[in-house]
Amino acid sequence: MLKSLPLRELKQKNKSTVTEQGLLLSRGELSSAERNIGKLLDFFGVPWSVQPFDEFLGGGQTSRTIRVFCSSETYLELVRQLENSPELTRRWQENVHSAFIYSAEDETSLQKLANLLGSGRVLVSGDAGNGSKAQMHFLVSDDAELCGVMAGVRVKASSSPTALLSGPFGRGIRSIISLNEQSAFVLARHRDIALFLSTSSQIVDLDAELARGIFDIREHALTAIPIALYVKWAFALSCWQPAEVTACLIIDDPLLKRSHGFVDFSELLSLMKRHHFSANIAFIPWNWRRSNPDVVRLFLDNSESYSISVHGCDHTRAEFGSENVQQSSARIRRAVARMAEHERRSGIHHDRVMVFPQGVFSAAAMAALKQSELIAAVNNDTISADEPPLPITISDVWNVAVMKYGDFPLFTRRYPWEGIENFAFDALLGKPVLLVIHHDSCRDHCRRLIDFIDRLNASKVAPVWRNLTEVVRRSYRQRRPSEGAVEVEMFATELLLENCSGEEEDFTVNREESAPSSIQEIHVGSQSVDWNATEQGVSFGTRLKAGESALVKVIFKKPEIGREEWNGARSEARIMLRRYLCEVRDNYVTKGKVLFTAALGKKDDEWV
């Protein structure tokens, strides 16, 4: 039973010891798994070092601060040394907080370690899958203290594990990730130390390029989840943590009319009230004169539920795929002007966030956004339309926002059919939970959508639903290097700092920025503050009293505005025709097709 393991006691030791050190035990040249562990510890901001095995046996530490990382083979050799040296055993128990052990390439050492811990036999290769791929659903333990937002989540894996532990398990051993009656990640106790044993011999490589620019945890379940869970637990003080797990549903394209396609705004509002979520409408600026007064009133009266963002400009194909910064800047200015006029007419304040039409964007468009008044971009795709595009790595998309394009933040969003497990893992990394749908996902009076949202809200660590601006402002990472001090990593150009403690605290804010000279000034609240250029970007500080909050703004220099170009009458006519034809498609063609399919009794495709 987990209660037999003093997890809470270990966390108390964390609090009494500010320094948390990662130690990678090596027996020679670093293996690929060891190098990948180092990259992952760097990503999470954890202090760590490499120590040869022989040097580690010589001692050195005097307090229980070490978190050890090693292979099953290395740990077995360590056990042999411990058995022959009471002094080494004493130092091990005094200095080591816990250990993460991954399987060596040869499963023999994994079996020996399993025998040592009393955790049953090891199933390898074909035996480890225990059936067809349809049965490959790993279950994460429902212990929120240990697994956080991943607690209780089922992960549909796309490939079979190379090895699993098969029970019966000995006393004091807890399965953290299981497949039926077998386990891929367990927590045990050996010589008074908590051991986290993963049956995978591989660790996810954060430098690996993503061909589609999308990270799917179902493809990396056992190489990523075990070590991420361990690091977030073992380095609770020194590891980067999110300020808040936030969420927002984004619906692309609808006009603010009583209904658009399958979206009925009154019905959706009722569902939001009952099921506790928020919705942002990615609003096409071209429609700025066409909002229905009744729907406008609905939005104004329920601003805690409804919000709108900037969805392109004319919403034409690849309108932000151009490599011309001036052209993108002109379109952004036109979009912002239209949204401002819509706000003047309707009173609806829009979120200053760009959602790219069809997901198409260029590096030039991101550079233009940085010079605008918008504070972030949101997109499904992370690979630009440039030729050739910049490579996107796992590290890029694990970050709170992709900062590859001129240091302007690109927050990623997902469709519900990508699975609860992907949203939960995003939240574990500190990313916001951003869902995207189109009107046709509401075809069944939002039944499937609500079922998915209810499952998100039933998480052990439920997200806080906010409008898109608040989600972006609260999406940052923080850690506490010492008492009364908070270090913050900022992504969007606006940030809401909050001191939720009972004491006055000093905040140091860092933001990645390759061109500090492009910054005009930085505001904390209504005051301009001094800032310094660093190797990674810019840094500045502020002090907040207990319970105090402050809005931080990084203001960039604006380029000179040239003469605005008009599309021309023919082009404007084509844009208008496209917009009206899209409405016909959504309101009649798509709805008719769906209703006809339902009348024939055909089963709808599953999406969750």
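Residues in the range 409-433 that are in contact (Cβ under 8 Å) with a residue 60 or more places away in the chain and farther than 18 Å from Arg218 by Cα: Pro409, Phe411, Gly430, Pro432. Here Glu565, Glu583 are screened, and the one residue that is loosely packed, with under 15 Cβ neighbours inside 10 Å and modelled with pLDDT under 95 is Glu565.
Residues are listed down the side, and each one gets a yes or a no for (1) assigned to a helix (DSSP H, G or I); (2) surrounded by fewer than 22 Cβ atoms within 10 Å (Cβ to Cβ):
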| residue | (1), (2) |
| --- | --- |
| Gly312 | no, no |
| Ala330 | yes, yes |
| Ala335 | yes, no |
| Ala340 | yes, yes |
| Glu343 | yes, yes |
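Each residue in the range 271-285 was checked for being more than 10 Å from Leu255 (Cα to Cα) and among the aromatic types (Phe, Trp, Tyr), and 1 of them qualify.
Taken together, the residues in the range 380-405 that are over 24 Å from Asp205 (Cα atoms) and touching a residue at least 12 places away in the same chain (Cβ under 8 Å) amount to 2. Note on the range 249-306: among residues that are touching a Cys at 6+ places or on another chain (Cβ under 9 Å) and polar (S, T, N, Q), the one that is surrounded by the most Cβ atoms within 10 Å (Cβ to Cβ) is Asn280. Within the range 106-116, the set of residues being surrounded by 14 or more Cβ atoms within 10 Å (Cβ to Cβ) and at pLDDT below 85 comprises just one member, Glu107.
The values are calculated or read from the model by the stated rules, or taken from the named source; none is laboratory data. Here the structure is a predicted model, which is why all the values come from computation and not from measurement. Here the Cβ is made from the backbone with ideal geometry for all residues, glycine too, and neighbour counts use every protein chain on show.
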